[in-house]
Structure formats: C-alpha cells, structure tokens
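A quick write-up on the structure given underneath.
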C-alpha cells in the first residue's frame, strides 16, 4: 500500500492542474494522481478542440466566469513559461440573421460584465475578419486563443513528478474508505492511503463521488460531440474561430469552426446522447452506462423538455447533408466535399433530477474529500484556476 498526503483521481487536465497547484502550495507534501488509462488526457481533455475561452458566455459571478477569466491568464502564462505552443487569434460570434440579435446583445452584455475585451461589429468588419462568413453582425473577441491541451497535461504530469509526486496509470478506482485519520483508495493499480482525496474523474465523477459516500446531487449524462475536419484545400474558409450565436437554453455553443494550433480546422460539434460514457462512435454501446442513463428520472425529464432539439442533433449525426447545412448557415460556400471525418469527443454533462442541465462548475466538500462533480467547458481553459480553487479548500486541512 502506497502512502501520500493527497490522492487525486483523474489524469485529465483538471486533476493534473489540481495536483500541480498542490505541489506549489504545499511543498514537501506528496501527491499521487490515479488514472485508469495508460496515459494522461485520454478522454475529455484529449478530445478537446483546444480553444482558450475568454469567458464571454458565462453568468457574471458564476464559478465558470470567475475561474475562466483567471484560468485563461494562468494558462497563457504557463504555456509561455513552458514553451508550449499557443496563439491568441481571436474569435467571432455571429448573428446569422436579425432574429439572433437579441441573444447576441445579451452575450455582449455578459462579456462587458465579465471584463472581456469584446466589440460588436457590423457586417463589413465581419467580412474583413472572416471573409467567407455570412452574418448581419457579430461580436469580435480578440483575446480568444488556441492551444494543445494534451501537451499541457503532459507537462503538468512531468512537473508533478519533479516535485516528488507520482502519476499512476492503470489505476481504476473500485472503492474508497474514509476513516477519521485518512482515506484509503483501492484501485486496479493498488491501494493508496492519504490524508485527503480529490475526485476529478470527469466522465465518472458522479460514480467516484458515490464511492466516497457523497451524493453528487446530479448524474453524468454523456453527450457525444461529432466533428468533421476541413480538407487542406478548404482551409481558406476559416481564418480563426467562428461561432454561431448560441441558444441560451443549452450549455452547448452550437456547430462552429475552430482553427487548431497545428493549422487544421475542425467543424462541429453536434451534441447527441452517447450510448456509453466512453462511446466515441454512434455504434459503440456500453449496456451498463446506457441503462443507467435511461433509468435516471432526470434524463427522462430532460428528454421531455428538449426532445425537439435532441431529434435535430440526432439527425445531424446520421446525415452528413444535415450537418453541412448547419455549417452553411455560417459559411455558405462550404460543401460536403470540403469535409473529412474527425474524431468525436464526449462531454460529461451533469443533469439534475428535475431534468435541468447543470450549467456551472459543481464542487462538493466533505470530510477528507473534495468531489468535482461537474466541470465541462471551459474547464480546460480554467483548469489551473480550478486547481487553485480546489487547493484553497484542501490546503487548510494540512495546517
């Protein structure tokens, strides 16, 4: 049995950022990160489109807004110090028609409240920034950027090791035992004891929370985001980041164009129910995961509220032509021949029992345990600040 001061469950960017911030705040204390896969950033982080979000969309004062703003600055500084390629390229949020203008104005007001450097621009200025885009107006956010989060994770893991910590692979957590003097985590990679535990298990965060004896108050429902990629001959259609005006009812940003740090351009995602928490293709199925989702009353209530949206997303999943039509709302010139399939990702979306989609980060505390129960986008951007927020809660326990 291995002993440490802190065990972090999850080798994605939030778990690694938490471990890294702990080593900085508590030098001399040892942290162990447990990851069930054979490398870091396999799931949500490794399938991330790599955007450095500005924080323009989020409710002022929310954990998302606060952590995204501070986290973006911290991520830029980290990448600069560590020589990790990143670029502040800017983005446009486009009103395709006059019907989008009220929602666009609300986003701009949020941006101003959150201290974002953003400007409402007209059609002529939009054409200068993104000549192939069709829209009546847009918000220009020059401070948005791009980065490779997998590289960030690899560097964070390296720094944790250099500080005397460890990242253990093949360590799927199977049980957690809390005692007055510590916590024991049993995994497929062995048993580990520590004074404190932080759960950053992402797609499985609710399950790990229950293993700690806590009710997360919501259940993870996996949504698969499917993408296409522009062929090199079509790169001219997108200079940087092009987003539609999002539907305020949903925590999804709509089908958009993202120039990646390697120069390629992703198009997507849609958002469809995944038939498993790690079901990255339409035909992949995990019976346990799917039955758990279908049996959850929160999922049924969510479905009753949003079935029209769900059918539309499913149709775009099955029909490339429908997906292309969604892209053409932003870039009319794009055709199916401009696209090739790209890897899908899965969003771990916490859904409340009443069917509501949990919009903000959800962090719960108990004796010897902190559970991160909901950390979707912009968690990668905000990860270093989320890690600091978690360590703010954990560090005093070592005093």
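A few remarks follow.
- Residue among 345, 356 that is out of contact with any strand residue (DSSP E or B) (no Cβ under 8 Å at 6 or more places or on another chain) and touching a residue at least 12 places away in the same chain (Cβ under 8 Å): 356
Yes or no, residue by residue, for (1) modelled with pLDDT under 95; (2) in contact with a strand residue (DSSP E or B) (Cβ under 9 Å, 6 or more places away or on another chain); (3) more than 24 Å from residue 178 (Cα to Cα):
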site: 2; (1), (2), (3): yes, yes, no
site: 5; (1), (2), (3): no, yes, no
site: 9; (1), (2), (3): no, yes, no
site: 31; (1), (2), (3): no, yes, no
site: 37; (1), (2), (3): no, yes, yes
site: 40; (1), (2), (3): no, yes, yes
site: 46; (1), (2), (3): yes, yes, yes
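- Residues of region 329-338 that are out of contact with any helix residue (DSSP H, G or I) (no Cβ under 6 Å at 6 or more places or on another chain) and more than 26 Å from residue 378 (Cα to Cα): 332, 333, 335, 337.
- Residue within region 11-22 that is within 13 Å of the chain's Cα centre (by Cα), more than 20 Å from residue 209 (Cβ to Cβ) and outside any helix (DSSP H, G or I) present: no
- Within region 182-228, the set of residues being at positive phi and surrounded by fewer than 21 Cβ atoms within 10 Å (Cβ to Cβ) comprises 182, 190, 213, 217.
- You will find that of 183, 152, 208, the residue that is touching a helix residue (DSSP H, G or I) at 6+ places or on another chain (Cβ under 9 Å) and touching a residue at least 12 places away in the same chain (Cβ under 8 Å) is 152 and no other.
- Segments classed as strands (runs of 3 or more DSSP E), wholly inside region 97-188, with at least 1 members that are more than 30 Å from residue 30 (Cα to Cα): 119-122, 137-141, 145-147
- Taking the conditions (1) outside the structural domain of residue 12 (by TED's automatic domain parsing); (2) farther than 17 Å from residue 220 by Cβ in turn, residue 299 satisfies each one other than (2).
- Residue 316 being surrounded by 13 or more Cβ atoms within 10 Å (Cβ to Cβ), under 25 Å from residue 132 (Cα atoms) and in contact with a helix residue (DSSP H, G or I) (Cβ under 8 Å, 6 or more places away or on another chain): yes
- The set of residues in region 71-95 that are surrounded by fewer than 17 Cβ atoms within 10 Å (Cβ to Cβ) and farther than 20 Å from residue 263 by Cβ comprises 73, 77, 80, 81, 82.
- Every condition in (1) surrounded by 21 or more Cβ atoms within 10 Å (Cβ to Cβ); (2) assigned by TED's automatic domain parsing to the domain that holds residue 206; (3) not in a strand (DSSP E or B) holds for residue 392 except the one numbered (1).
- Failed item, numbered, when residue 243 is tested on (1) at pLDDT 95 or above; (2) closer than 21 Å to residue 328 by Cα; (3) in a helix (DSSP H, G or I); (4) out of contact with any helix residue (DSSP H, G or I) (no Cβ under 8 Å at 6 or more places or on another chain): (3)
- Residue 74 meets the stated requirement of being more than 21 Å from residue 112 (Cβ to Cβ) and in contact with a helix residue (DSSP H, G or I) (Cβ under 7 Å, 6 or more places away or on another chain).
The values are calculated or read from the model by the stated rules, or taken from the named source; none is laboratory data. Not measured: the values here are computed from a predicted model. Note that we place each Cβ from the backbone using ideal geometry, even for glycine, and neighbour counts take in every protein chain shown.
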